[in-house]
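One structure below.
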Amino acid sequence: MLNAIFSGDTPRSRPLTAILLVILVCLALGPFLFDGTRAFSTLGMICVFIVVVASYDLMLGYTHIVSFAHTMFFGIGAYGMAIATDAMGNNFTAILVGLAGAIALSVVLSLLLGLLSLRVKAIFFALVTLAVAFAFLSLATQLYNITGGEDGLRVRVPRELGPAFRPFDGALRGFSIVFTEPGNLGEVLRESVFKVRFSGRELMYYVAFVVSLLVFLFLLRMVNSPFGRVLQAIRENEFRAQALGYRTVFYRTAAVIVSAVLATLAGVMFALINRYVNPENTLDFQLMVFILLMCVIGGMGTLYGSVVGVALFLLAQNYLQDLLRLFAAQVPAGGVMAELVAPDRWLLWFGVLFVLSVYFFPTGIVGQLRIWSRRRKPAA
């Protein structure tokens, strides 16, 4: 059963299986395990960016296509939803129109990119996508009457997806697994219980969670299908794949289109969860770098790597300052160590963590865990 669900591509590592189960449980029960707005927002962004990074890995890891236009398609989905709800109001018709329009535009643009640019060498295709992404960013910034310019647009969600909607009467019980205040066990357990007022906001979160899970399983099925095997053959040796009779331009273009559509879907979910879009949080080049880092940290060519990479990256990005603040409280003030672990040095330690992850996990966390698991297996 599980083998069929995962399309025969299981984690193949006990530590990796444990990590994935922890991430799955935390995402599935997140609103009932973590109290606070920041934790809820982090969980939602993990669901969104699993789709973004997994779809990017379809190009980079499985087909060896280096593209810098992935955030463009992400931004198309976000802005499509914002423009549609701004023009048509906060109703589900506007959501459907925004989704359909954004996907249609992404299909056209990705098809043009595939047909016009995938015949050139990888570095030139990367430069073309970089130029297109910057052109789209400039367009979104300058078309103030449509996109709101640098100020961005507020996304008007339907009442059923907002905090005022209550699908259930009363409040549900949650139990925080994060203990921050010291004390005796009974007191800590009592303070860990909190109320969850299930609203449209939580409903939208679970929509994003289910969509991200289904997209992940869809991509897992795709990369393990004959289509995915051809993509991997193109990655290993494109000339040999052509010699075997495969139309490599068609397969590469199809991979770009699928990746673009899924990134657009992730942009739509981002807009509905975040309820505000602007060039900085959807189209900025720094976001493209972050997507690439998540893919590399988790492990390219392993869809499981997108889950692990996104979770670790976003947790570090959101909570590294808090961790440094705890360290700073334990060291004497005014010393060199106090300066190094100051909360405003979080970007320095963020870079150090990335360098260490690349050094100790050269094939990504998932790839390295699988290598270690193979080494531990006794020889037949």
Failed condition for Thr17, given (1) within 21 Å of the chain's Cα centre (by Cα); (2) in contact (Cβ under 8 Å) with a residue 24 or more places away in the chain: (2)
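So how many residues does region 20-56 have that are aromatic (Phe, Trp, Tyr) and either exposed (fewer than 15 other Cβ atoms within 10 Å of the Cβ) or under 19 Å from the mean Cα position of the chain (by Cα) (or both)?
Matching residues across region 20-56 total 3.
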The helices (runs of 4 or more DSSP H) lying wholly within region 167-249 that contain at least 1 residues that are among the basic types (Lys, Arg) and touching a His at 6+ places or on another chain (Cβ under 8 Å) are 226-236
Consider Arg221 against the criteria (1) modelled with pLDDT under 95; (2) charged (D, E, K, R); (3) surrounded by fewer than 18 Cβ atoms within 10 Å (Cβ to Cβ): it satisfies all of them except one. Which criterion is unmet? (1)
Selection from region 339-361 of residues loosely packed, with under 11 Cβ neighbours inside 10 Å and of a type in the set (Gly, Ala, Ser) yields Gly351
Selection status of Ala39, in contact with a Ser or Thr (Cβ under 6 Å, 6 or more places away or on another chain), assigned to a helix (DSSP H, G or I) and small (Gly, Ala, Ser): no
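Among the listed residues Gly200, Gly148, Gly152, Gly174, which satisfies the condition of being touching a Pro at 6+ places or on another chain (Cβ under 8 Å), surrounded by 13 or more Cβ atoms within 10 Å (Cβ to Cβ), on the phi > 0 side of the Ramachandran plot and not aliphatic (A, V, I, L, M)?
Exactly one of Gly200, Gly148, Gly152, Gly174 is touching a Pro at 6+ places or on another chain (Cβ under 8 Å), surrounded by 13 or more Cβ atoms within 10 Å (Cβ to Cβ), on the phi > 0 side of the Ramachandran plot and not aliphatic (A, V, I, L, M), namely Gly152.
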From Asp57, Asp86, which residue is farther than 30 Å from Leu220 by Cβ and in a helix (DSSP H, G or I)? Asp86
Scanning region 258-283 for residues that are outside any helix (DSSP H, G or I) and farther than 20 Å from Leu113 by Cα, the one least open to solvent (accessible area, probe 1.4 Å) turns out to be Val277
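I need a count of the residues in region 309-321 that are buried (at least 23 other Cβ atoms within 10 Å of the Cβ) and either within 20 Å of Tyr359 (Cβ to Cβ) or touching a strand residue (DSSP E or B) at 6+ places or on another chain (Cβ under 7 Å) (or both).
First pass over region 309-321, keeping only residues buried (at least 23 other Cβ atoms within 10 Å of the Cβ): 309-311, 313.
Subset that is either within 20 Å of Tyr359 (Cβ to Cβ) or touching a strand residue (DSSP E or B) at 6+ places or on another chain (Cβ under 7 Å) (or both): 309, 313.
Count: 2.
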Scanning region 68-127 for residues that are over 15 Å from Ala271 (Cα atoms) and buried (at least 24 other Cβ atoms within 10 Å of the Cβ) gives Ala69, His70, Ser106, Ser110
Considering only residues that are more than 27 Å from the chain's Cα centre (by Cα) and not in a helix (DSSP H, G or I), which ones fall in region 144-164? Ala164
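The values are calculated or read from the model by the stated rules, or taken from the named source; none is laboratory data. Computed from a predicted structure; not experimentally measured. Every residue, glycine among them, receives a Cβ derived from its backbone with ideal geometry; neighbour counts consider all protein chains shown. These accessible areas exclude ligands, DNA and RNA; they are computed on the full protein's heavy atoms, side chains included. Shrake-Rupley method; radii C 1.70, N 1.55, O 1.52, S 1.80 Å.
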